[in-house]
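Nothing in this text is a laboratory measurement; each read-out follows from the coordinates by a stated rule. In this text, all values refer to a predicted model and were calculated from it rather than measured experimentally. Methodologically, a virtual Cβ is constructed for each residue, glycine included, from the backbone with ideal geometry; neighbour enumeration extends over all protein chains shown.
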Amino acid sequence: MHDEVTRRGVLQLFAALTTIVPFLTRGAAAPLLPLSDAPSTETRAAELVVAPSRPTLLESYLRSRGVRPAHLARECGYERAHLLRIRMGRVQPTPACAVRIVYALRRLVHEPVVLSDVFDRTIAEAAWRERRVIVRTFHSFEHRAVRAVFGEGARRG
């Protein structure tokens, strides 16, 4: 047979271990959680599962408008994996990246989206400070449309 490690094999091993570990640690001498944080015996297993963190503004906007991440990636020119990291809040986009994403969203949803609609205030303010350099990276016929991405919300601050 094969002696190589596969992703499927690792996942099967992980699944087996997660089902066995609670039985092996039932009689453990020290609790894994401090007594103040320890769940009561009535706590259901569903309550112990860590809930996903709150979605980012970008993720919420994409879901509310029905924009598919692949379409956004194609329109703004970034890889889907990079956009995933931004959407999940694992990475903060550069100001130029944020402008490209919002400009692509404006074209996809045909709405006047501005930076403050989909990114937090710090990113919008950083983009506002670098707006002249960022706008110059676009074609000259796009300058007016790109300037609209900044909106009024980025100017206050």
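Worth pointing out:
- Placing a label point 7 Å from the Cα of residue 133 along the Cα-to-Cβ direction, the residues of region 88-110 whose backbone N falls under 18 Å from that point are 92-101.
- Taking other C-beta atoms within 10 Å as the exposure proxy, 86, 123, 101 rank 86, 123, 101 from fewest upward.
- Rounded to the nearest 0.05, the FRET efficiency derived from the C-beta distance between residue 88 and residue 10 at R0 = 22 Å is 0.45.
- Cβ-Cβ FRET estimate between residue 110 and residue 143, R0 fixed at 22 Å, reported to 0.05: 0.65
- Dipole-positive endmost among 143, 99, 61 within region 57-150 (Cβ charges, Cα centre): 143
- FRET efficiency, residue 79 to residue 122 (Cβ-Cβ, R0 22 Å, nearest 0.05): 0.40
- Neighbour-count ranking [beta-carbon atoms within 10 angstrom, fewest first] of 79, 125, 4: 4, 79, 125
- Summary value for region 57-150: 30 percent relative contact order, contacts being C-alpha pairs under 8 angstrom separated by 6+ residues.
- Take each peptide in 134-147, 103-116, count the other Cβ atoms within 10 Å of every residue, and average; sorted highest first, the result is 103-116, 134-147.
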